[in-house]
Amino acid sequence: MTTMTLVVVGVDDHVPGIRTLTLAPPDRSVLPSFTPGSHLVIQCAGGANAYSLTGATTAPRDYVVSVLECPRGRGGSRWIHQSLAVGATVEAHLPRSAFAPVLRARRHLLIAAGIGITPMVSHLRSARRWGRDARLLYIHREGRGAYLDEIRSLTNQAAMFTDRGAFLSELAAALGSQPFGTHVYICGPSQFIDDVVDTATQFGWPPSRIHVEHFGGELAPGHPFEVELSSTGDVFTVDAGVSLLESLTARGHAVPSLCHQGVCGECRVPVRAGTVLHRDLYLTGDERRDSMMACVSRGSGRVELEL
Ligand code: FES
């Protein structure tokens, strides 16, 4: 993957536990534009981590990302919080998106928890710029909400909560009353995403109108699923808590891998048939039709791989 060197030109710690970095090229040239919902993969101590871009999307002079400190993570967020200061440099990959707004949608319903607000900021910015109908529901801990002022400046269609009961009741009302053609976008901790997807499904939302973005932290172990390899006809089960990558490697298949986070693109495997539960931050919507990232994504029922 192409990488670029960026300089830390701003550090903002005003929300406890969240550090916002402003990154610019050393020569202060214009950076590549990106799609709303894109993320930047930064090489950190402990590997590569992906962070949603929250600043201007078109011909930006800098990239802005916010990083939640995860004391039990692999060390990337601690390194950013404790070691990066203005003037430091980082290596980053070009922005990539697997969470872009669907342009034909009549309305966009954005649902976020905690640091999961970050991809929604660029969605709101773009919705305002292009006159798209977008509504946000955001739940966060008291005093830990990020981008609150920015959200208020971008839309009057945002409802923000610190009370879980109030949020759940508004969530049910919103999912139960959207006009046909609305797409829902969900970002937050894994359990939050699963709960909102379940609620949306109960209200009859088809999978094609539900979009999720997993980030950083621990992914849920998931359920067992079967894999069939088209070249040999071999069928095996991938147990809960075991990745497809681990299962393939244990059977002697050499699948390249690097980040084990669903962000680098190395472990892509071709899919011939079956339902894939995509949990990566790498593949685009089109690429997901016939590929999956073996380190994080799983299947439902049986998935046939072109291996
Ligand atoms: S190893 Fe990087 S995406 Fe799977």
Name every residue in the range 26-54 that is over 21 Å from the mean Cα position of the chain (by Cα) and over 27 Å from Ala127 (Cα atoms), in order of residue number.
Pro26, Asp27, Arg28
The listed residue being surrounded by 14 or more Cβ atoms within 10 Å (Cβ to Cβ), closer than 20 Å to Pro95 by Cα and among the β-branched types (Val, Ile, Thr), out of Val276, Val212
Val212
Output the residue which, of all residues in the range 175-188 that are of a type outside the set (S, T, N, Q) and surrounded by fewer than 19 Cβ atoms within 10 Å (Cβ to Cβ), is nearest to the chain's Cα centre (by Cα).
Gly181
Residues to consider are Gly114, Gly87; find the one that is touching a residue at least 40 places away in the same chain (Cβ under 8 Å) and more than 21 Å from Ala158 (Cβ to Cβ).
Gly87
Every listed condition ((1) modelled with pLDDT of 90 or more; (2) away from the ligand (no atom under 16 Å from the Cβ); (3) closer than 30 Å to Val67 by Cα) holds for Gly274 save (3)
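Yes or no, residue by residue, for (1) in contact with a helix residue (DSSP H, G or I) (Cβ under 6 Å, 6 or more places away or on another chain); (2) crowded, with 21+ Cβ neighbours inside 10 Å; (3) outside the structural domain of Ser33 (by TED's automatic domain parsing):
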position: Ser52; (1), (2), (3): yes, yes, no
position: Cys70; (1), (2), (3): yes, no, no
position: Ile80; (1), (2), (3): no, yes, no
position: Ile115; (1), (2), (3): no, yes, yes
position: Ile139; (1), (2), (3): yes, yes, yes
position: Tyr147; (1), (2), (3): yes, yes, yes
position: Asn156; (1), (2), (3): no, no, yes
position: Arg164; (1), (2), (3): no, no, yes
position: Ser169; (1), (2), (3): no, no, yes
Single residue of the range 279-307 satisfying the filter (assigned to a loop (DSSP other than H, G, I, E, B) and among the polar types (S, T, N, Q)) that is nearest to Glu91 (Cα to Cα)
Thr284
Taking the range 292-303, which residues are surrounded by fewer than 22 Cβ atoms within 10 Å (Cβ to Cβ) and among the small types (Gly, Ala, Ser)?
Ser300, Gly301
Any residue at all in the range 174-187 that is assigned to a strand (DSSP E or B), under 28 Å from Met4 (Cα atoms) and either touching a strand residue (DSSP E or B) at 6+ places or on another chain (Cβ under 9 Å) or not charged (D, E, K, R) (or both)?
yes
Counting only residues in the range 228-255 that are farther than 13 Å from Leu307 by Cβ and surrounded by 20 or more Cβ atoms within 10 Å (Cβ to Cβ), the one nearest to the ligand (Cβ to nearest atom) is identified as Ser243
The listed residue being surrounded by fewer than 19 Cβ atoms within 10 Å (Cβ to Cβ), at pLDDT below 90 and within 11 Å of the ligand (Cβ to nearest atom), out of Leu281, Leu258:
Leu258
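The values are calculated or read from the model by the stated rules, or taken from the named source; none is laboratory data. Predicted, not measured: the structure shown is a model, and the values here were computed from it. Note that each Cβ is placed from the backbone with ideal geometry, even for glycine, and that neighbours are counted across all protein chains shown.
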